[in-house]
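S.K.: Would you mind keeping the following structure in view while I ask a few things?
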Amino acid sequence: MSEPFLPPIEKPEGLIKKLVYAMTRKEFGKVPTPVKVHSARLPSAFGMFYGKISALDKKLTLPRQTVFLIREQVARINVCLFCTDIGRFFAMKEAMDEAKFEALAEYPTSPVFSDAERAALDYTTELTGDKKVSPSTFNRLHSYYSEREICEIVWLVATEHVYNLTNLGLNIHSDMLCDLRKKSRSGDSVHAVSAT
């Protein structure tokens, strides 16, 4: 895998950035590359903006798995390997149906998706790829989702682009967080077995 265009900053300056490094290291087992390459070079308010997006996602009325599937689909289309990896990391952490994430490339025909999920993913795919949506795609989406939920889907697509383009613009690729999560889970089950 190629290196980011800017070298990672391993030792940030300032208390807030040092705290961010410590918190992300605790959560992920390492400091994510976008934090070391992008956020470390900007005033802390920029990093807090990313945190605000994540906090606002928790205020959405859409089912949490739908939120993750939409974000994952945008990242997949944009080929943001860091974003697809971290999305899967959080989906695994929240014990979501991994089969849906595995089948995302085949969502139009895969039986693991509901018609409502397909409508949301069609809308997401069209908006991400074409930067516009046909009336028929919108009407099908509207038959399953409220006006607020539709606005939430637009929010998810738009804000996922912020993450994706940040990483793509700086040549940031996967941090293999899913592998770390799997190792952590297998370690947890080993500890659980040895404790019994």
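Here, each number is a calculation from the coordinates, and none is a lab measurement. What you are looking at is a predicted structure, and each value in this text was computed from that prediction instead of being measured. Note that each Cβ is placed from the backbone with ideal geometry, even for glycine, and that neighbours are counted across all protein chains shown.
S.K.: Given a cut-off of 22 Å, name the pairs among Lys30/Lys183; Lys58/Lys131; Lys59/Lys182; Lys26/Lys52 whose C-alpha atoms lie farther apart than that in the structure shown.
M.R.: Lys58/Lys131; Lys59/Lys182
S.K.: Between Thr61 and Lys183, what length comes free when the chain is fully extended (0.36 nm per residue of separation minus the Cα-Cα distance, one decimal in nm)?
M.R.: Additional length available on full extension: 40.7 nm.
S.K.: Sum up the charges of everything whose Cβ sits under 10 Å from the Cβ of Thr24, counting Lys and Arg as +1 and Asp and Glu as -1, but leave Thr24 out.
M.R.: +3
S.K.: Figure the gain on full extension for Asp97 and Ser2 (residue separation times 0.36 nm, minus the Cα-Cα span) and round it to one decimal in nm.
M.R.: Net length gain for the segment: 31.1 nm.
S.K.: Next question. Provide Rg over Rh for the stretch 58-156; use the alpha carbon set for both Rg and the Kirkwood Rh (inverse mean inverse pair distance).
M.R.: 0.93
S.K.: Of Thr33, Thr84, Val67, whose Cα points farthest to the positive end of the dipole of the stretch 19-86 (charges on the beta-carbon: +1 Lys, Arg; -1 Asp, Glu; origin at the Cα centre)?
M.R.: The residue sitting farthest along the positive end of the dipole is Thr33.
S.K.: Which trypsin sites (Lys or Arg not before Pro) in the stretch 1-107 pass both tests, a DSSP loop state and at most 11 other beta-carbon atoms within 10 Å?
M.R.: Here the sparse-neighbourhood loop sites are Lys58, Lys59.
S.K.: Given Cα pairs under 8 Å that are at least 6 residues apart, what percent is the relative contact order of the chain?
M.R.: Relative contact order, the chain: 31 percent.
S.K.: Here is a further query. If a cysteine in the chain has no other Cys Cβ under 4.7 Å from its own Cβ, put it on the list, ordered by number.
M.R.: Cys151, Cys178
S.K.: Given 10 °C and 1.306 mPa s, how large is the Stokes-Einstein diffusion coefficient of the chain in µm²/s, with Rh as the Kirkwood radius over Cα pairs?
M.R.: So the translational diffusion coefficient is about 88 µm²/s.
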